[in-house]
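Data first, discussion second: the structure below is written as structure tokens.
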Amino acid sequence: MADKKPYYITTAIAYTSGKPHIGNTYEIVLTDAIARFKRNQGYDVRFQTGTDEHGQKIEEKAAANHVTPKQFVDSVAEQIRAIWDLMNVSYDKFIRTTDADHERQVQKIFKKLYEQGDIYKGTYEGMYCTPCEAFWTPSQLKDGKCPDCGREVKPAKEEAYFFRMSKYADRLMQYYEDHPEFITPVSRKNEMVNNFLKPGLQDLCVSRTSFKWGIPVDFDDRHVVYVWLDALTNYITGLGYDADGNSADLFRRYWPADVHVIGKDIIRFHTIYWPIFLMALDLPLPKQVFGHPWLLMDGSKMSKSRGNVIYADELVHIFGVDAVRYFVLNDMPFDNDGNITWELITERVNSDLANNLGNLVSRTAAMSLKYFGGTLCDKGVTQPMDDDLRSMATSLYEKVAAKMDAFKISDALGEIFAFLRRCNKYIDETAPWILAKDETKRDRLSTVLYNLSESIVIAASLLQPFLPETAEKIAALFNTKLRPYDRLNTFGLIENGNAVSPAETHLFDRRNYKDVEAQYEQLHAHAETAAASAEHAPAQKSAPKSHRPDYPAEITIEDFAKVRMQIAKVVACEKVEKSDKLLKSTVQIGSETRTVVSGIAKFYTPEQMVGKKVVMITNLKPAKLRGIVSEGMILCAEDADGNLKLLAPEGDIDDGSGIF
């Protein structure tokens, strides 16, 4: 490894509050693609990921599940790691913040910073958001709620240790100016400067006493180390950093990190808190922080409470690993949020993977087998169109590498698939099936199929970081190996006489969206059955199956008063296109007309809905479902078998009437 240049890349560590959805999973696939590409370029890559396992939210979730916090995080961490492995992620280190060596170093770091005066004891009083584990001043709240997640906050006051952020603010601002590439995209940098540094940094709370699930401050065991000083330091403790100065060889080789890949929602912690912690420890700062955008579900942020969550294992079950990897990498722009729907991924699999890539490989291999028994040979019978194809093939690596260096992953894939489209056009231009009818053009036919095979192997070599299994299948099909990247500027490396394998040439299936939807529903039906079986012991077989979310044990009358329910009359109704579950209803609420999308098509026809008076929540935030803005929720009751019945008033009553 001594002759290879080190490259250290990390993801944010996943919080162990629950199973990660495909939006969370995107980050690990993105980082894996970068890590694989760098390895193929000849770098000595160190790729670290892991889990963030402490905090009040974990303590509360564990209590609600009647397990210890450690038992809870062990289970979730195993689930997270299983999904990372399912997605074929090539990480070198999976760190957990409950690892003993990490915890010990966090204690040593905390003490070191305290002894040098960067941490001091005080009292915190403010508004606290448990899901974000963040304190806010009243002026920072948005509409009285957490400015990050929009949830309720509660007043809190407790003794705490604080880090003197303001001490390093000017130094950090200067670092930004001296290293303009430090934060990418640049819009994220502007946000940090204008929203946080220029207004003045507040000292940061770095310990808590109101819960116990955290790393104890070893010289004041009433306190546990608060989330960010614990979580962020994983990037150095995972390399064997030692606060006493006895760091491991790994740390000396790989630090500073080349890039931290994180979501845009935690950019502040990685570009303000983390650099300042490192300055206080007298350590070099990471070279770059890439704050990627979010993957939205049908235009909205994924949330279990919204019911719009898709999980990676569900997608893989239906489409396969490489298809899912391709979609999330291809459909995520560099600095704008991406979007995923079942229709979109079906369309992308069909058009890009089955048609463009799969059909090209299948046709080329099949024609080679049909016309030459699979033997490839460049006979040197060329035409101008060959030069164009070869030129595009040998310049492809440089184009892809430039996009990857800028973290424009979707654009890098776009270059490869543009080349694959050129290969398909080359087939149309050369028409091998016509050449095959003329014995005098046999050498030309052989040259054409050789050119196509060579082009496909070059493309597959560049596809390996994105679609690793597919790339290997293509190389095996053409009885060769994927190319080192320093040889991709040379065309013609397949040896004459090399034979295409007669193995299966099919890479991706074309999918019908209705079949995909049916498969997804069947998958969920099986999951619900398995969950019900696991939940109920034999003595409880007759207990009703619950489809309800986890409700709080009790709420106040003030909580209830926030929900506005009214009588609504359905004046029109129709099925939502391409959905077997959704109905689109037009409802009258007094003088107001609204559109509501409801998942009740299995239980009511549009004709049955028209004229009904229903109970509806009318102050629910609008949501987009299948491209339709739904402006409320029609309420239903659900029995033990999952059947739905509309809630309706007992007698005739005007629409618009309130429910109390």
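We did not get these values from a lab; they are worked out from the coordinates using the rules stated. Since the model is a prediction, treat every value here as computed from it, not as a measurement. Counting neighbours? That spans all protein chains shown, and the Cβs are built from the backbone with ideal geometry, glycine included.
Place a +1 charge on the Cβ of each Lys and Arg in the stretch 341-487 and a -1 charge on the Cβ of each Asp and Glu, then give the dipole magnitude about the Cα centre in debye, rounded to the nearest 20.
Charge dipole, the stretch 341-487, about its Cα centre: 300 debye, nearest 20.
Does the stretch 303-420 come out rounded, prolate or oblate by the C-alpha gyration tensor, with a ≥ b ≥ c the root eigenvalues, rounded set by a/c under 1.5 and, if not, prolate when a/b is larger than b/c and oblate if not? Each step should come with its number before you reach the end.
On the way: a/c = 3.58, a/b = 1.69, b/c = 2.11.
Here the stretch 303-420 falls in the oblate category.
Please work out the C-alpha center-to-center distance from the stretch 246-320 to the stretch 36-53 and express it in whole Å.
Spelled out, the Cα-based centre of one part sits 13 Å from the other.
Per residue of the chain, what 222 nm ellipticity follows from adding -39500 (n - 2.57) for every DSSP H run with n ≥ 4, rounded to the nearest 500?
Only helices count here, giving -11500 deg cm²/dmol.
Taking the stretch 2-67, which GluC sites (Glu not before Pro) meet the DSSP loop condition and have no more than 15 other C-beta atoms within 10 Å? Don't jump to the answer; show the numbers that get you there.
Values: sites: Glu27, Glu53, Glu59, Glu60; in loops: Glu53.
Here no loop site has a sparse enough neighbourhood.
By how many nm would the segment from Ala572 to Lys5 grow when fully extended, if each residue of separation counts as 0.36 nm and the alpha-carbon distance is taken off?
197.5 nm
Label point 7 Å out from Met385 along Cα-to-Cβ: which residues of the stretch 340-364 have amide N under 15 Å?
Residues 364 qualify, since their backbone N sits under 15 Å from the label point.
Would you work out which of Thr394, Asn451, Ala354 lies farthest towards the positive end of the dipole of the stretch 341-487? Charges go on Cβ: Lys and Arg +1, Asp and Glu -1.
Asn451
Shape verdict for the stretch 91-248, please, from the Cα gyration tensor: rounded (a/c under 1.5), prolate (a/b greater than b/c) or oblate. Intermediate results must be reported in sequence, preceding the final value.
Numbers: a/c = 1.56, a/b = 1.11, b/c = 1.41.
Oblate, because a/c is 1.5 or more while a/b does not exceed b/c.
If each residue of separation counts as 0.36 nm, what is the full-extension length gain between Lys612 and Asp220 once their alpha-carbon separation is subtracted?
On the way: separation 392, 0.36 × 392 = 141.12 nm, distance 6.44 nm.
Here the segment from Lys612 to Asp220 would lengthen by 134.7 nm.
Grab the Cα-Cα distance for Glu504 and Ala366, subtract it from 0.36 nm times how many residues apart they are, and report the gain in nm with one decimal.
48.7 nm
With r as the distance between the Cβ atoms of Asp428 and Glu469 and R0 = 30 Å, compute the FRET efficiency 1/(1 + (r/R0)^6) and round to 0.05.
Here the calculated transfer efficiency is 0.55.
Compute the distance in nm between two label points, each set 7 Å from the Cα along the Cα-to-Cβ direction, one at Asp405 and one at Asp337.
Modelled inter-label distance: 3.3 nm.
Using Cα-Cα distances under 8 Å and only pairs 6 or more residues apart, what relative contact order does the stretch 239-359 have, in percent?
It comes to 21 percent, rounded to a whole number.
For the chain, what is the relative contact order in percent, using Cα pairs closer than 8 Å and at least 6 residues apart in sequence?
11
Amide H of Ala14 versus every other amide H placed in the peptide plane: which residues, excluding those fewer than 5 positions away on the same chain, fall under 5 Å?
The answer is Gly50, Thr51, Asp52.
Could you check the spin-label model distance between Asp652 and Ala476? Points 7 Å from the Cα along Cα→Cβ, value in nm.
7.2
Tell me, Tyr7, Tyr26 in order of fewest to most beta-carbon neighbours within 10 Å? Numbers along the way, then the final one.
Numbers: Tyr7 20, Tyr26 27.
If I rank by nearby Cβ atoms, fewest first, I get Tyr7, Tyr26.
If a/c stays under 1.5 just call it rounded; otherwise compare a/b with b/c (prolate if a/b is bigger, oblate if not). Do that for the chain, with a ≥ b ≥ c from the square roots of the Cα gyration tensor eigenvalues.
Oblate.
Can you give the FRET efficiency for Asn194 and Thr595, using 1/(1 + (r/R0)^6), R0 = 35 Å, r = Cβ-Cβ distance, to the nearest 0.05?
0.35
Where in the chain are the helices, taken as whole DSSP H runs, whose Cα atoms extend 27 angstrom or more along the long axis and whose Kyte-Doolittle mean reaches at least -1.0?
Flagged H segments are 384-405, 409-430, 442-463, 513-535.
Gap in Å between the Cα centre of the stretch 103-162 and the Cα centre of the stretch 168-232?
What the calculation gives is 11 Å, centre to centre.
Can you put Ser300, Ser139, Ser247 in order of Cβ neighbours within 10 angstrom, beginning with the fewest?
Least crowded to most crowded, the residues run Ser139, Ser300, Ser247.
Taking other Cβ within 10 Å of each residue's Cβ, how do Met616, Met192 sort, fewest first?
Listing Met616, Met192 from fewest to most nearby Cβ atoms yields Met192, Met616.
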